[in-house]
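In what follows, a structure is listed as structure tokens, so that the remarks can point back to it.
The values are calculated or read from the model by the stated rules, or taken from the named source; none is laboratory data. Just so it is clear, the model here is predicted, and its values are computed rather than measured. We place every Cβ from the backbone using ideal geometry, glycine too, and count neighbours over all the protein chains shown.
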Amino acid sequence: KDGGDFLVNITNDAWFGRTSGPYQHFSMIVYRAIENRKPVIRAANTGISGFVDSNGNIISKTDIFKRCYLTERIKTDNRISFYSRYGDIFVYLCMVISVYIIVNLYGKKYL
């Protein structure tokens, strides 16, 4: 919100072992990149580390439990996403609309 150029995710995925956990964790940063319109750099001690651009495209990533390193040039994005600007306002708006619909559909029966 205050002008960061990129996001960094440093994590310890060792406790997941060789399960789907590290893959799910990595896939979440794709959504964070899109949500904030910022590139994401992820460093995980047991993999999966990588770079994701502000559109959610995976630039590069490592395999799980492989000792290696990555270097990439990242392109920063000055656009401000809807979520960065307004936060959870969409969620609150959906809640208000849902309550309104429920009251109008079912409230009349009990009044």
Determine if the range 63-81 includes at least one residue that is among the aromatic types (Phe, Trp, Tyr) and modelled with pLDDT under 95. yes
Looking only at the range 47-61, how many residues end up being within 13 Å of residue 28 (Cα to Cα) and in contact with an Asp or Glu (Cβ under 6 Å, 6 or more places away or on another chain)? 1
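Farther than 24 Å from residue 86 by Cβ, in contact with a helix residue (DSSP H, G or I) (Cβ under 6 Å, 6 or more places away or on another chain) and among the polar types (S, T, N, Q): which single residue out of 11, 62, 46 fits that description?
Step by step, each of 11, 62, 46 is checked, and only 46 is farther than 24 Å from residue 86 by Cβ, in contact with a helix residue (DSSP H, G or I) (Cβ under 6 Å, 6 or more places away or on another chain) and among the polar types (S, T, N, Q).
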So how many residues does the range 64-103 have that are closer than 16 Å to residue 26 by Cβ and either loosely packed, with under 11 Cβ neighbours inside 10 Å or among the hydrophobic types (A, V, I, L, M, F, W, C) (or both)? 5
Scan the range 17-31 residue by residue and report those that are surrounded by fewer than 17 Cβ atoms within 10 Å (Cβ to Cβ) and assigned to a helix (DSSP H, G or I). 21, 23, 24, 25, 27, 28, 31
